[in-house]
Amino acid sequence: MSVKQISVFLENKAGALSDMTQVLADNDIDMRAFSLAEASDFGIARMIVDDVYKTTTVLKDAGFVHSVSTVLAVPVPDKPGGLNGVLAVLKTLGINVEYMYAFLGAKKETAYMIMKSDDAQKAEVALTAHGVRLADQEELSGL
């Protein structure tokens, strides 16, 4: 079960992020999760949205360079050690986490971890084999 993440490449200058979020707002696109990473000349805005196709279309039409990648979304208990249980499974199997970010779900007791690993298929199989539930695109869109 995978989720589509949109990565938007932004020039590292004042207003670039606002310009992108304005396009999303103007088109009634709702971000479910968001992360921003920067380098010296550009930033990468990573997001999970309610409508991937619509978002990629409006970003393209507005001239934003972007890509779509597959990530895993893992519901974790919103309590101390909730995330560690998931990461311990990956560690024991030698699966590397390239990056991750989290957000709280609609239910207060659940957080969602968005994760990109060096082997998404292996991570998915390992997690589900160890009883870790994965969320799909529809679940995140419905939050």
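Phi-derived couplings, Karplus 6.51 cos²θ - 1.76 cosθ + 1.60 at θ = phi - 60°, listed residue by residue for the stretch 75-88: x, 10, x, 7, 7, x, x, x, 6, 4, x, 5, 5, 4 Hz, with x used for Gly and Pro. Calculated from the alpha-carbon coordinates, the stretch 71-134 shows an Rg and a Dmax of 11.0, 32 Å respectively.
Counting neighbouring Cβ atoms within 10 Å and putting the fewest first, the residues Val68, Val8 line up as Val68, Val8. Cβ-to-Cβ counts within 10 Å put His66, His130 in ascending order as His130, His66, the fewest first.
Taking amide H atoms as placed 1.01 Å from N in the peptide plane, the amide H of Ala102 lies under 5 Å from those of Ile114, each 5 or more residues away in sequence or on another chain. Taking each residue as 0.36 nm, the span from Gln22 to Ser69 lengthens on full extension beyond its C-alpha to C-alpha distance by 14.7 nm.
Compared with the alpha-carbon gap, the fully stretched path from Asp119 to Lys4 is longer by 39.9 nm at 0.36 nm per residue. Can you compute log10 of I(q)/I(0) for the chain with the Debye formula, treating each Cα as one identical point scatterer, at q = 0.20 Å⁻¹? Here log10 of I(q) over I(0) equals -1.20.
Checked against a 19 Å cut-off, the cross-linked pairs Lys79/Lys116; Lys13/Lys54; Lys4/Lys122; Lys4/Lys116 give Cα-Cα distances beyond that limit for Lys79/Lys116; Lys13/Lys54.
Checking every one of the trypsin sites (Lys or Arg not before Pro) in the stretch 1-55 against DSSP loop status and a limit of 14 other Cβ atoms within 10 Å picks out Lys13. With the convex hull drawn around the C-alpha atoms of the stretch 3-70, the volume per residue stands at 76 Å³. What is the chain's relative contact order, in percent, from Cα pairs under 8 angstrom and six or more apart in sequence? Value for the chain: 28 percent.
Here, each number is a calculation from the coordinates, and none is a lab measurement. Because the structure is a prediction, the values reported are computed rather than measured. Every residue, glycine among them, receives a Cβ derived from its backbone with ideal geometry; neighbour counts consider all protein chains shown.
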